[in-house]
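Worksheet: one structure, shown below.
The values are calculated or read from the model by the stated rules, or taken from the named source; none is laboratory data. The model shown is predicted, which means the values in this text are computed figures rather than measured ones. Here Cβ is always computed from backbone atoms with ideal geometry, including for glycine, and neighbour counts include all displayed protein chains.
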């Protein structure tokens, strides 16, 4: 990975890629350890007690933790509002492609800190952002843009795995996994998470949930 890209991940930690369910579980354990100490972020509310997960899209065709941190600070946030970012292959722009980043999970705001991603539900939730720009409809299945899937298979796999793991360690019930559009009149994340079949049929999630 080029140095300019690896430097972007010195603060917004990039987790290893996973090829098997076993590697996935072992790797996700890293997320249980706080990456940043609360004293480093005096403006954050260190009160997060997650009981639900909210899935977002970035509403952009590119981006990473550093990108969204800049955008959120420009909007008046202390730092990036999401706890996790699931990358596609375009972290900086749509010109330069980094295929090795596709589907990688990146840490955003510390898990113990209250997020800034869904009005009225930040105090006890975990925000996951998938990089992508949905433009068509709102159904129970994954969104399209120009007839093509907005999220890559690698991103979808990572999303299933991350949701399953977080649900397991925080005892979050399936009925408390939502999309941003559940709480606001928005397209984000481009599909109806509550009706999405992965909550019932994903082999990955079955390894975490008692279904």
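Rundown of residues vs (1) modelled with pLDDT under 90; (2) in contact with a helix residue (DSSP H, G or I) (Cβ under 6 Å, 6 or more places away or on another chain); (3) more than 18 Å from residue 186 (Cβ to Cβ), yes/no style:
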| site | (1), (2), (3) |
| --- | --- |
| 93 | yes, no, yes |
| 99 | yes, no, yes |
| 110 | yes, no, yes |
| 125 | no, no, no |
| 132 | no, no, no |
| 135 | yes, no, no |
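Could you check, for segment 68-75, whether at least one of its residues is assigned to a loop (DSSP other than H, G, I, E, B), out of contact with any strand residue (DSSP E or B) (no Cβ under 7 Å at 6 or more places or on another chain) and over 16 Å from residue 156 (Cα atoms)? Scanning segment 68-75, I find at least one residue that is assigned to a loop (DSSP other than H, G, I, E, B), out of contact with any strand residue (DSSP E or B) (no Cβ under 7 Å at 6 or more places or on another chain) and over 16 Å from residue 156 (Cα atoms), so the answer is yes.
Taking the criterion of being surrounded by fewer than 17 Cβ atoms within 10 Å (Cβ to Cβ) and farther than 14 Å from residue 131 by Cα, the residues of segment 78-96 that qualify are 78, 95, 96. Residue 164 fulfils the conditions (1) over 18 Å from residue 88 (Cα atoms); (2) at pLDDT 85 or above; (3) crowded, with 16+ Cβ neighbours inside 10 Å except for a single criterion, (2). Annotation note: of 80, 73, the sole residue that is modelled with pLDDT under 95 and out of contact with any helix residue (DSSP H, G or I) (no Cβ under 6 Å at 6 or more places or on another chain) is 73. Among all residues of segment 169-179, there is none that is within 26 Å of residue 93 (Cα to Cα) and either out of contact with any helix residue (DSSP H, G or I) (no Cβ under 7 Å at 6 or more places or on another chain) or at pLDDT below 85 (or both).
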